[in-house]
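The values are calculated or read from the model by the stated rules, or taken from the named source; none is laboratory data. Quick caveat: nothing in here was measured; it's all calculated off a predicted structure. Here the Cβ is made from the backbone with ideal geometry for all residues, glycine too, and neighbour counts use every protein chain on show.
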Amino acid sequence: MSDERNNENRIAEGLVKGEYITQEELERVREREKTSGVPWHKQLIQMGKVTFSVIEDVLRYEWHSKDTQEKHKSLGMALLDDGVITKGQLEEALRVQKRTNRLLGNILLELGYVTREDISKTLAKQHNLEYVDIRTVKPDPAALNTISEALARRYQVLPIYVEGDKVSVLISTPQNVQKTKDLSVLTGKRIYPMLTAVEDMTAVIEKWYRGITSVNENNNVDVKPVMKEVKRVEKVEEPKRKDKAMDADVKVKKVEVKSNEADKRFEQIAKEASGTSAINTVKTILEGAVKAGATDIHLDPQEPEMRVRYRIDGILHDVMSIPPSMQNAVVSRVKILSDLDITETRHPQDGHMNLEVEGRELDIRVATLPTFLGERVVLRLLDQSAVLSGIGDLGISEKEQSRLIKLIAQPYGMILVTGPTGSGKTTTLYAALNQKNVMTESIVTLEDPVEYQLSGINQVQIDPDINVTFANTLRAALRQDVDVILVGEIRDTETAHIAIRAAMTGHLVFSTLHTNDAPDAINTLRNMGIPSYLISSALTAVIAQRLVRKICEECKVPYKPSTSILKEVGLPTTVKTLYHGKGCNNCYHTGYKGRTGIFEILEITPQIRKLIAEGATPEVIAQTAKMKTMADHCREKIKEGIVTPEEFLRVVRL
């Protein structure tokens, strides 16, 4: 264990020394590891700060001899040796770095001692890379067509030349050399990286790819935060005049407008959707949802106006209404942002958009549904930071956390998470996967849809329309030498049989079912035709869960509960004080802010395994297991002042 800790410390020191991360960032993720259980290096990978290749290279480098390490000087020493800066300038910059914990290169730039070109030339020399002045090159359109804009943005490269299967690309930092190796695998091309001096590679990529695809047209839509604070909007007034459109912060895909006769309607709708009022209304709706912490946005066509609602902590709230004259423009605007067909109003459509708002990267899923009064649109806001959730973030007690971590550490078996839609099952599964070592284990997930991208994990999108079903894909995954498999949902007998077989043949399988409690999952599998003896052999644990709203900390006050409410939730009448929220601006006067999980964990012990094999009912299994139920867990949270009795009665079935 001490050797492993020493290795981790050496990697951490190497990442800071190599200026991949700052000391402050390292301390922040290490502190979070203590509360969430997610290893600090995995957090950095999920945040996009480093890659697996970088960590492996740093580890190899840290184990090199001191003579070898001397060849890899720090940036400051390299600039000094090249005569770019003086010793006094370096010492001044190092003093600033010690005080502010910022990257040395940025400090030297701000002090005016170096230019970006100076740094890039020195780094190129250090890392044996060719340096190219970006002002002297013009990317070849053939090179730009070799690598898509999406890949160029993701891997932060600008293709400039192509010769056979060799593609020369510009990168802005030597750390991206490792990324080009991954890009080579994806494209099947030999990627030749060259270093250049550029502050914002994304902007450069957009500039050149737009030159190829003629994106600089009126329907290139931009989104910028417009709300200073979240407040309830009773109604969006109809526009009386045209204002100048707002500046761009977030770019979205261009929708090309064709000019033939069949597309006149398209042009008219696109023109309406590009109007200032439609743009600003959609901005207001999106920004307001993010500020409010909403998970979903509902645009409901009603008489006489469109109703806009946010789902906050599981409950829908009315926030504004949109006049009839603007409804089509607003819906079309959302369609443009999510790359949907704006002329199609008779059939449902699904799309998505990517935005960065308030420092949060959001993937917004969009679904339309034709109704009698017009198109209904629902937007699901997926916060990418959710992939960093650890077992410690779920709301489980420390004792139950320890049990769950031990169960997840098992090398094979099946762990099921049960609960209705929206009960947090996906978050729990991702937290479980975060306990696994992606460096040494082969992990595959089968999801419908893939909601969050997980670094180091192979994720498969289920698509029944092309026969990519859970059953077919699971069968194929078992031939891929996998250690851990996540099946998004067991929906049918075939998938259940294959998952059970996988769990019995040396794989750890995670999946979900829709059942009311943990013991009921056993009956559900039986009803799918799985024999009891197979269930007892494969199953390791069943976790049932719900999400309950937490009392707002800003307005939480004590009160004396009535005897009737105590009896209703099963608390002793001796309890004299409970808590609720009186309502404030922080919680939209609901008294609730945020959600937490309540759980019951059925561990399949030898005794429970015997009962399952004998065909015992869920009731008998529950009585024998003597587990802490979701109701018990919720009662504890009531006594701790986290949850109200009313929330218990709303969510928990007695």
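Take Ile522 and tell me if it is part of a helix (DSSP H, G or I) and within 23 Å of Gly422 (Cα to Cα). Taking the combined requirement at face value, the residue satisfies it. Lys567 passes every criterion in (1) free of Cβ contacts under 8 Å to residues at least 60 places away in the same chain; (2) in a loop (DSSP other than H, G, I, E, B); (3) out of contact with any helix residue (DSSP H, G or I) (no Cβ under 7 Å at 6 or more places or on another chain) apart from (2).
One line per residue, one yes/no per condition, for (1) over 25 Å from Val366 (Cβ atoms); (2) of a type in the set (Ser, Thr, Tyr):
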site	(1), (2)
Gln401	yes, no
Thr421	no, yes
Gly424	no, no
Ala477	yes, no
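Which one is surrounded by the most Cβ atoms within 10 Å (Cβ to Cβ), of the residues in segment 602-654 that are more than 13 Å from Leu539 (Cβ to Cβ) and of a type in the set (Ser, Thr, Tyr)? So, considering only residues that are more than 13 Å from Leu539 (Cβ to Cβ) and of a type in the set (Ser, Thr, Tyr), the one surrounded by the most Cβ atoms within 10 Å (Cβ to Cβ) is Thr644.
Across segment 157-167, a minimum of one residue is classified as surrounded by fewer than 20 Cβ atoms within 10 Å (Cβ to Cβ), over 23 Å from Gly456 (Cα atoms) and in contact with a helix residue (DSSP H, G or I) (Cβ under 7 Å, 6 or more places away or on another chain).
Filter segment 612-623 down to the residues that are out of contact with any strand residue (DSSP E or B) (no Cβ under 8 Å at 6 or more places or on another chain), farther than 22 Å from Ile598 by Cβ and not in a loop (DSSP other than H, G, I, E, B) and list them by number. Result: Ala613, Val620. Among the residues of segment 336-350, is there at least one that is surrounded by fewer than 16 Cβ atoms within 10 Å (Cβ to Cβ) and part of a strand (DSSP E or B)? Scanning segment 336-350, I find at least one residue that is surrounded by fewer than 16 Cβ atoms within 10 Å (Cβ to Cβ) and part of a strand (DSSP E or B), so the answer is yes. Restricted to segment 147-214, the set of helices (runs of 4 or more DSSP H) holding at least 3 residues that are modelled with pLDDT of 90 or more and farther than 22 Å from Leu15 by Cα is empty.
Is it the case that some residue within segment 65-74 is surrounded by 15 or more Cβ atoms within 10 Å (Cβ to Cβ), touching a Leu at 6+ places or on another chain (Cβ under 8 Å) and at pLDDT below 85? Yes, segment 65-74 contains a residue that is surrounded by 15 or more Cβ atoms within 10 Å (Cβ to Cβ), touching a Leu at 6+ places or on another chain (Cβ under 8 Å) and at pLDDT below 85. The set of residues from segment 489-502 being closer than 22 Å to Leu404 by Cβ and surrounded by fewer than 22 Cβ atoms within 10 Å (Cβ to Cβ) comprises just one member, Glu489. Residues that are small (Gly, Ala, Ser), crowded, with 17+ Cβ neighbours inside 10 Å and in contact with a Leu (Cβ under 8 Å, 6 or more places away or on another chain) were ranked within segment 404-431; the one that is nearest to Ile55 (Cα to Cα) is Ala431. In segment 523-544, of all residues being under 31 Å from the mean Cα position of the chain (by Cα) and over 11 Å from Met414 (Cβ atoms), the one that is surrounded by the fewest Cβ atoms within 10 Å (Cβ to Cβ) corresponds to Thr524. Taking the criterion of being acidic (Asp, Glu) and in a helix (DSSP H, G or I), would at least one residue in segment 488-504 satisfy it? Looking through segment 488-504, at least one residue is acidic (Asp, Glu) and in a helix (DSSP H, G or I). All of (1) touching an Asp or Glu at 6+ places or on another chain (Cβ under 8 Å); (2) part of a loop (DSSP other than H, G, I, E, B); (3) not aromatic (Phe, Trp, Tyr) hold for Gln410 with one exception: (1).
As for segment 585-600, it holds no residue that is of a type in the set (Val, Ile, Thr), over 28 Å from Glu640 (Cα atoms) and either in contact with an Asp or Glu (Cβ under 8 Å, 6 or more places away or on another chain) or surrounded by 14 or more Cβ atoms within 10 Å (Cβ to Cβ) (or both).
Scanning segment 464-487 for residues that are within 22 Å of Asn434 (Cα to Cα) and assigned to a loop (DSSP other than H, G, I, E, B) yields a total of 5.
Considering (1) more than 30 Å from Thr596 (Cα to Cα); (2) in a loop (DSSP other than H, G, I, E, B); (3) at pLDDT 50 or above; (4) of a type in the set (Gly, Ala, Ser), the lone condition that Ala294 does not fulfil carries the number (1).
Where helices (runs of 4 or more DSSP H) sit wholly within segment 1-59, those with at least 2 residues that are at pLDDT 70 or above and within 24 Å of Ile119 (Cβ to Cβ) occupy 2-17, 23-36. Please tell me if Glu91 is surrounded by fewer than 14 Cβ atoms within 10 Å (Cβ to Cβ), out of contact with any Phe, Trp or Tyr (no Cβ under 6 Å at 6 or more places or on another chain) and farther than 22 Å from Lys179 by Cα. Yes; evaluated as a whole, the condition is true for this residue.
Residues Thr590, Thr596, Thr573: which one is among the β-branched types (Val, Ile, Thr), modelled with pLDDT under 90 and outside any helix (DSSP H, G or I)? Quick ask: steps written out before the conclusion?
Values: Thr596 fails: modelled with pLDDT under 90; Thr573 fails: modelled with pLDDT under 90.
Unique residue meeting the criteria: Thr590.
Residues that are of a type in the set (Ser, Thr, Tyr) and without any contact (Cβ under 8 Å) to a residue 24 or more places away in the chain within segment 618-635 comprise just one, Thr624. Selection within segment 503-514: residues that are farther than 17 Å from Gly529 by Cα and touching a Pro at 6+ places or on another chain (Cβ under 8 Å). The member of this set that is surrounded by the most Cβ atoms within 10 Å (Cβ to Cβ) is Leu508. Taking segment 142-156 as the region of interest, how many residues are surrounded by 14 or more Cβ atoms within 10 Å (Cβ to Cβ) and either on the phi > 0 side of the Ramachandran plot or in contact (Cβ under 8 Å) with a residue 40 or more places away in the chain (or both)? The qualifying residues number 7.
If you check Val482, Val468 for being surrounded by fewer than 22 Cβ atoms within 10 Å (Cβ to Cβ) and more than 23 Å from Leu407 (Cα to Cα), only one passes: Val468.
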